[in-house]
Amino acid sequence: MLNATLSFAKLVLGTLRDLAPIVLVVAFFQIVVLQQPFPNLDRVLAGLLLVMLGLALFLQGLEMALFPIGEAMANAFARKGSLLWLLAFGFALGFSTTVAEPALIAVAGEAAKVMAEAGRIAADEQSQKTYALGLRYTVAVAVGLALVIGVFRILKGWPIQWFIIAGYIAVVALTPLAPEAIVGIAYDSGGVTTSTITVPLVTALGVGLASSIKGRNPMLDGFGLIAFASLTPIFFVLIYGIVV
């Protein structure tokens, strides 16, 4: 119990150290440049404390649950020797984590509002919800397929750069064909997809899978799934904009 408490205390102090540059930058511009006091300083300090504790708890949760379970399941599927089940697991993991991604939910909702204001879709609430849900599912399918491709690449040991180069060439070629209003949303979707929920599990899957396959280097082959998960949503959202 004591060791766990000391470990968490070190994690909190580490989180405070990581947040310190952000706090210093905000304080400098607020006090020195703008020359204004912080509004509701007590609330700001309380919020900062909650952020620090929340990040510490989140990191502790990753170490205790998400990373181990992701690596354990990847090892188990690799030992099972079933390619179909392994690819199905990769797709399901990518799809489910992306649908639950808070950043994607926020961006999809905001995108629906903007599209309604621009007259691209109906301005009623139901149409906006439908559009946002369709956008989320499009990105989720894209990430699921990205993990299928990434897992297959790890199994075969193919170089990642050719996939990434080909993917971005396709994205650049598709961009002029997509509606102008969707282009920015498409490019942002790749970033918001790879956030708090998706990244830990996807990283654990790649590292665990590469560690369990003979001849694969976890450092060289285990990473790179996040790159696929960032690329494919751009392509799929551009297509979604063209179709919808």
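Figures for the structure shown
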| read-out | value |
| --- | --- |
| Apportionment of accessible area to carbon and sulfur, the stretch 139-244, percent (1.4 Å) | 73 |
| Distance in nm between pseudo-label sites at Leu13 and Leu83 (7 Å out along the Cβ direction from Cα) | 5.1 |
| Area accessible to solvent at Val148, 1.4 Å probe radius, in Å² | 40 |
| Efficiency of FRET from Cβ geometry, Asp42 and Asn217, R₀ 41 Å, rounded to 0.05 | 0.20 |
| The chain, accessible area per residue, ligands and nucleic acids excluded (1.4 Å, Å²) | 56 |
| Stretch gain in nm, segment Ala166-Gln35, where the contour uses 0.36 nm per residue and the Cα spacing is subtracted | 42.2 nm |
| Within-11-Å neighbourhood charge of Ala123 [Cβ basis; K, R +1; D, E -1] | -1 |
| Percent carbon-and-sulfur accessible area, the stretch 1-78, ignoring ligands, DNA and RNA, probe 1.4 Å | 75 |
| Label-point separation in nm, Thr5 to Val23, each point 7 Å along Cα→Cβ | 2.3 |
| Test item: Cα-centred dipole of the stretch 93-195, Lys/Arg +1 and Asp/Glu -1 on Cβ, debye | 420 |
| Chain lengthening between Trp158 and Ala123 when straightened (0.36 nm per residue, less Cα-Cα) | 7.9 nm |
| Expected 222 nm ellipticity per residue - DSSP helices of 4 or more, -39500 (n - 2.57), all of the chain, to 500 | -27000 deg cm²/dmol |
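The values are calculated or read from the model by the stated rules, or taken from the named source; none is laboratory data. Computed from a predicted structure; not experimentally measured. Ideal geometry is used to build each Cβ from the backbone, glycine not excepted, and the neighbour counts take in all protein chains shown. For accessibility, only protein heavy atoms count, side chains too; no ligands or nucleic acids. Shrake-Rupley method; radii C 1.70, N 1.55, O 1.52, S 1.80 Å.
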